[in-house]
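Student: This is the structure, below, for whatever I ask next.
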Amino acid sequence: MFLDIDDTLVDFTSASRAALTAMIGRSDMWSLWERITDEYVGRVVDGELDYPTMHRRRTAAFLDALGVAVDEADAARFERRRAAGMRARFRLFDDVLPCLTRLRANGLRIAAVTNASGNHQRTKLEDLGLSPYIDHVAIAGEVGAAKPDPLIFHSACAAVDCEPHEAMHVGDRLRTDAVGARNAGLQAVWLNRAGAAESVPEGVTAINSLVELADHVEYSVAGTIVPAPR
């Protein structure tokens, strides 16, 4: 079983939005922050930047877009305060531990597959008590490919010693997680917590909670993960 981390296991968006709002005193800049972040994370995956440099430059670019010119030292200070505020707000969704406990009780190997920074994500898993449930963490910047690239999914398969068709990936982003996993040959599940009214592509299963995932997944004697009948 492969699981995305942010907004699948951890309520990342709520924490990050609240921290950013506290820093800039306004709540209407989240979409801009996300666009700039996606651009700079792409540069990390492409090998142009390391994560610490990306964080500083992303933050400087965001502040510049707000009309606030800062140097890298100012951006680094802003980023440290923002990140600390965000970490203090991280919470697991209520369905996470019950689901992981049931998956583990059924003998499933579990991997986290994420496009975010390895150090940050491993610390997050440890701080929130998730590390004992996770056998492997696949990090885009370490693999050299980000979801939806098949390479990151296949690297996770190799790490837990399974074939793609034997694995299921669950994540909150329809295209990045579910369609990416499907195209890589995995069983694909879109975790649609908000109940977004999007059509679900062929080969993708949509669920609304991880409790539903635990209810609908069986582990066969041969080690194949299959959705239970609805």
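Student: Quickly work out the S199-to-R43 label distance, labels modelled 7 Å from Cα along the C-beta direction, and quote it in nm with one decimal.
Tutor: 3.8 nm
Student: Can you work out the PRE-style zone for D161? Point 7 Å along Cα to Cβ, and I want the residues of segment 86-110 with backbone N under 16 Å.
Tutor: Counting only backbone N, you get 107-110.
Student: Once you order the gyration tensor axes a ≥ b ≥ c over the Cα atoms, which shape class does the chain get: rounded for a/c under 1.5, otherwise prolate or oblate by comparing a/b with b/c?
Tutor: Since a/c reaches 1.5 and a/b is larger than b/c, the shape of the chain is classed as prolate.
Student: In degrees between 0 and 90, to the nearest 10, how far off the longest principal axis of the chain does helix 96-105 point, with axes built from Cα atoms?
Tutor: 40 degrees
Student: Restricting to bridges with both residues inside the chain, how much of the DSSP beta-bridge set is antiparallel, in percent to the nearest 5?
Tutor: Counting DSSP beta bridges with both partners in the chain, the antiparallel share is about 20 percent.
Student: What's the angle, to the nearest 10 degrees (0 to 90), between helix 118-127's Cα axis and the longest principal axis of the chain?
Tutor: 70 degrees
Student: In debye, nearest 20: dipole of the chain around its Cα centre with unit charges on the Cβ of K, R (+) and D, E (-)?
Tutor: Computed charge dipole of the chain: roughly 600 debye.
Student: Helix 30-45: angle to the longest alpha-carbon principal axis of the chain, degrees 0 to 90, nearest 10?
Tutor: The helix 30-45 is inclined about 70 degrees to the chain.
Student: If you rank S27, S16, S209 by how much accessible surface each has, with a 1.4 Å probe, what is the order from largest down?
Tutor: Output order, biggest surface exposure first: S27, S209, S16.
Student: So, one more: How much accessible surface area, in Å² rounded to 10, belongs to the heavy atoms of C162 with a 1.4 Å probe?
Tutor: For C162, solvent-accessible area is about 20 Å².
The values are calculated or read from the model by the stated rules, or taken from the named source; none is laboratory data. All values derive from a computational prediction rather than experimental measurement. Here the Cβ is made from the backbone with ideal geometry for all residues, glycine too, and neighbour counts use every protein chain on show. Side chains are part of the model used for accessible areas, which takes the heavy atoms of the whole protein and leaves out ligands, DNA and RNA. Shrake-Rupley method; radii C 1.70, N 1.55, O 1.52, S 1.80 Å.
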